[in-house]
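J.: Following this message is one structure expressed as structure tokens.
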Amino acid sequence: MTQNIAQTGALSARGLTVGYGDRDVLRSLALDVEPGRVTAIVGANASGKSTLLRGLARIMRPKAGSVLLDGVDIARMPAAQLALRLGMLPQQPVAPEGISVADLVGRGRHPHQRWFRQWSPADQAAVAAAMHATGIGHLAHRPIDALSGGQRQRVWIALALAQDPDVLLLDEPTSFLDLSHQVDVLDLVASLGEERDRTVVLVLHDLNLACRYADRLIAMREGEVHASGAPSEVVTAETVREVFGLDCEVVPDPLTSSPLVLPAARHRRHR
Amino acid sequence: MAVHKTGPVRGDRYQVLPPDVRAVRAGGAALLLHVRALVLVCLFSAAALAAGVVSLGMGDYPVPLGEVVLALAGGGDPISAHVVTEMRLPRVASGAGVGAAFALAGAVFQRVVRNPLVSPDVIGINAGASAGAVLAITVLGGSTMFTVAGALIGAFASAALCYLVAYQGGVSGYRLVLVGIGVTALSSALTSYLLTRAELHDAQRASIWLTGSLANRSWSHAGVIAGALLVSVPVAVILARRLRLLELGDDMARTLGIGPDGARSALLGSGVVLAALATAAAGPIAFVALVAPQIVRRLLNESTAGLAASAACGAMLTVAADLAARSLFAPIELPVGVLTAVAGAPFLLVLLARANRIGRSG
């Protein structure tokens, strides 16, 4: 390797057009993800959030444009190389019935392994660290069907951590979780960046939680980046109306002073 | 903000490999060995060997066990040696190979499609191979080569038909099973038509072959199945690691660095070759492909059936079933397919009854 570009996990899109069949979901989209930070993609249903994430992860091939990882077009990178640097957790991953937690998390090490080198001390250490970080060490030999939704989500995050990529993309990691487990998972996600300058990009439904946990927001609207920046810059009553079609007031969160969106009350039960 | 502080973690702090799995290191290489699966492979192989040796001694010209072993070692009395190695060994060897091939094909199919019902006998691959082979037997005279070619063409044609009809931006196991039932019906109709049009002698030959029989196998049959295993086993060995990622879905497989489409095509292709050539060599012996991986899955108490253990289980089942089919109603010999059907059908019913959700069961 002669190139001296720092591998910081800077992900960006240039003229990115992605779609299904004839329909373009993203049209000539440009964005820069700040390395080493947590970025949340927010937007209404069908605004192209998940498609953007899938495009960034090369799960969907762009029709035009490119995704750059530290300046290199990921379309030109060998799949195994890309997997060492960029990981993604799909929205509803599937697992063989009855698979144990340790077995599943261990499969995240595939990019680091070869047929003749199936399990190295580094694999052992990475899987142990991933299970420790996600607090599932004591569940190692349980089948994942026997876990609660929150625990299961931790297992999947542990798999992505065991892969140990510089950039980690998470597609709605909190869907189907109750509020306390949502907070739990987001606390975990926020801690991922701190320990090892990891770039984290996640799609989130809940705008208020996104404001709390993300360093940067990307607001999507009809397949385009409508606004991006720090939550305090992006989340204004006007942007929320344009992006979500929702009348609201934005006040400072009393706990974190991040923006807090209060939908305008149409029906007042209490005065 | 972190709820779980990440301190320095020693690698041995958790036992992160499943309890039955050991990492074996030598030089720069490291392989994962599944101890329980390995034990199963040994047990199944030993059982297959035992059943095979008993089978070699049985028949119109009984040969005592000691003579059988002597003959296999290349000695003993010349008549016994001829009976054992030339007349009976091809049958046992074909049985073991065919069983291993069907079971391996079944395990690969079930794991790739993530559905325990998707085995080559359920989704019409064997029926397609049968139609092709019956065409070869009744129209072209049925030399081994024509039968093999017919079975291969029939199997790939029905696999392709199944895949094309079931494909909807991806293939769900349940849909494949439903389409497979249709393809099976189509192939059976073709087979029946060919039988009604055939000469009586050919039709009789074909219909015995259609139940799945190991009677009168020669070394050419054993050669056919050995060829199939030679081609497909390396594919399975090389792609077994990718199969473990395919089981996590296409998106996850991609993000972990493999192309799911290529790996899936290669695995399913090798499964079709195995099922086709096994059918060509011994007829569509029912249920081995469906049952063997499920037995292994339960014995290993694992989510998925190990490929090697499944193959060994299939070999054992087929050799043992053939032994039973020959001895239960002696001197009448049943075709082995009758026995596997009688034993396997209730198993299929149990699997169907336990299918609790679309696409998942067992």
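J.: Assigned to a helix (DSSP H, G or I) and more than 17 Å from B:S270 (Cα to Cα): is that true of B:V112 in this structure? Give the steps one after another, and end with the answer.
T.: Details: assigned to a helix (DSSP H, G or I): yes; more than 17 Å from B:S270 (Cα to Cα): no.
No, not satisfied.
J.: So, of the residues in region A:109-124 that are at pLDDT 90 or above and at the interface with chain B (Cβ under 7 Å from one of its Cβ atoms), which turns out to be farthest from B:P18 (Cα to Cα)?
T.: A:P111
J.: For region B:154-177: of the residues being under 21 Å from B:E247 (Cα atoms) and more than 21 Å from the chain's Cα centre (by Cα), which is least open to solvent (accessible area, probe 1.4 Å)? If you could, list the steps in order and put the result at the bottom.
T.: From region B:154-177, those under 21 Å from B:E247 (Cα atoms) are B:159, B:162-163, B:166-177; that's our starting set.
From the residues that got through so far, the ones that are more than 21 Å from the chain's Cα centre (by Cα) too are B:166-172, B:175.
Working: B:A166: 0, B:Y167: 113, B:Q168: 130, B:G169: 73, B:G170: 31, B:V171: 46, B:S172: 57, B:R175: 79 Å².
Looking at the filtered set, the residue picked out is B:A166.
J.: For region A:125-135: of the residues being among the aliphatic types (A, V, I, L, M) and open to solvent by 10 Å² or more (accessible area, probe 1.4 Å), which is farthest from the other protein chains (Cβ to nearest Cβ)?
T.: My answer is A:A126.
J.: Looking only at region A:235-246, count how many residues are more than 18 Å from A:S47 (Cβ to Cβ) and in contact with a helix residue (DSSP H, G or I) (Cβ under 9 Å, 6 or more places away or on another chain).
T.: Residues flagged as more than 18 Å from A:S47 (Cβ to Cβ) and in contact with a helix residue (DSSP H, G or I) (Cβ under 9 Å, 6 or more places away or on another chain) within region A:235-246 amount to 0.
J.: Oh, and also: What residue, among those in region A:69-80 that are more than 8 Å from chain B (Cβ to nearest Cβ) and surrounded by fewer than 16 Cβ atoms within 10 Å (Cβ to Cβ), is nearest to A:D123 (Cα to Cα)?
T.: The initial filter retains those residues of region A:69-80 that are more than 8 Å from chain B (Cβ to nearest Cβ), namely A:69-78.
From what is left, the residues that are surrounded by fewer than 16 Cβ atoms within 10 Å (Cβ to Cβ) are A:71, A:73, A:75-76, A:78.
Working: A:G71: 28, A:D73: 28, A:A75: 27, A:R76: 27, A:P78: 21 Å.
Only one residue fits best here, namely A:P78.
J.: Go through (1) touching a residue at least 60 places away in the same chain (Cβ under 8 Å); (2) part of a strand (DSSP E or B); (3) more than 8 Å from chain B (Cβ to nearest Cβ) for A:G65 and report which single condition fails.
T.: (1)
J.: A follow-up question, please. Can you pull out the residues in region A:108-134 that are more than 19 Å from A:V189 (Cβ to Cβ), of a type outside the set (A, V, I, L, M, F, W, C) and not in a helix (DSSP H, G or I)?
T.: A:Q113, A:R114, A:R117, A:Q118, A:S120
J.: Among the residues of region A:81-108, which ones are within 7 Å of chain B (Cβ to nearest Cβ), in contact (Cβ under 8 Å) with a residue 12 or more places away in the chain and more than 20 Å from the chain's Cα centre (by Cα)?
T.: Across region A:81-108, the qualifying residues are A:E97, A:G98, A:I99, A:S100, A:A102, A:G106.
J.: Regarding region B:218-228, can at least one residue be identified that is in a helix (DSSP H, G or I), polar (S, T, N, Q) and away from chain A (no Cβ under 12 Å)?
T.: So far as region B:218-228 goes, yes, one or more of its residues are in a helix (DSSP H, G or I), polar (S, T, N, Q) and away from chain A (no Cβ under 12 Å).
J.: Please list, ordered by first then second residue, the pairs with beta carbon atoms under 7 Å, 6 or more apart or interchain, first in region B:106-124 and of a type in the set (K, R), second surrounded by fewer than 24 Cβ atoms within 10 Å (Cβ to Cβ) and not in a loop (DSSP other than H, G, I, E, B).
T.: Going by the 7 Å Cβ cut-off, the qualifying pairs are B:R111/B:L243; B:R114/B:G173.
J.: From the set of residues in region B:1-56 that are in a loop (DSSP other than H, G, I, E, B) and under 30 Å from B:G99 (Cα atoms), which is modelled with the highest pLDDT?
T.: The residue in question is B:D20.
J.: Another one. Assess whether A:D32 counts as being free of Cβ contacts under 8 Å to residues at least 24 places away in the same chain and within 16 Å of the chain's Cα centre (by Cα).
T.: For A:D32, the condition - free of Cβ contacts under 8 Å to residues at least 24 places away in the same chain and within 16 Å of the chain's Cα centre (by Cα) - is met.
J.: Would you pick out the residues in region A:1-35 that are touching a helix residue (DSSP H, G or I) at 6+ places or on another chain (Cβ under 8 Å), modelled with pLDDT under 90 and open to solvent by 10 Å² or more (accessible area, probe 1.4 Å)?
T.: A:Q7
J.: Okay, moving on. Need a quick list: helices (runs of 4 or more DSSP H) entirely within region A:139-235 having at least 3 residues that are farther than 28 Å from A:D247 by Cα and open to solvent by 10 Å² or more (accessible area, probe 1.4 Å).
T.: Result: A:149-163, A:179-195.
J.: Do the conditions hold for A:V127, that is, is it of a type in the set (V, I, T) and either closer than 14 Å to A:V101 by Cα or touching a Cys at 6+ places or on another chain (Cβ under 9 Å) (or both)? Explain how you work it out, then say what you get.
T.: On the way: of a type in the set (V, I, T): yes; either closer than 14 Å to A:V101 by Cα or touching a Cys at 6+ places or on another chain (Cβ under 9 Å) (or both): yes.
When the stated conditions are applied, A:V127 passes them.
J.: Looking at (1) modelled with pLDDT of 90 or more; (2) open to solvent by less than 20 Å² (accessible area, probe 1.4 Å); (3) not aliphatic (A, V, I, L, M), which is the one condition that is false for B:N115?
T.: Failed condition: (1).
J.: Moving to a separate point now. Going by what's in this entry, would B:L239 be described as closer than 16 Å to B:G106 by Cα, within 14 Å of chain A (Cβ to nearest Cβ) and touching a residue at least 24 places away in the same chain (Cβ under 8 Å)?
T.: Yes: the conditions hold for B:L239.
J.: Oh, and also: For region B:250-299, which residues satisfy the criterion of being within 14 Å of chain A (Cβ to nearest Cβ) and either open to solvent by 10 Å² or more (accessible area, probe 1.4 Å) or of a type in the set (D, E, K, R) (or both)?
T.: To start, the set of residues in region B:250-299 that are within 14 Å of chain A (Cβ to nearest Cβ) comprises B:250-263, B:293-294, B:296-299.
Scanning region B:250-299 gives B:D250, B:D251, B:R254, B:G257, B:G259, B:D261, B:G262, B:R297, B:R298, B:L299.
The values are calculated or read from the model by the stated rules, or taken from the named source; none is laboratory data. Remember, predicted model here, so these are calculated numbers, not experimental data. Cβ coordinates were reconstructed from backbone atoms using ideal geometry, including for glycine residues, and neighbour counts include every protein chain displayed. The accessibility values were calculated without ligands, DNA or RNA, using every heavy atom of the protein model including side chains. Shrake-Rupley method; radii C 1.70, N 1.55, O 1.52, S 1.80 Å.
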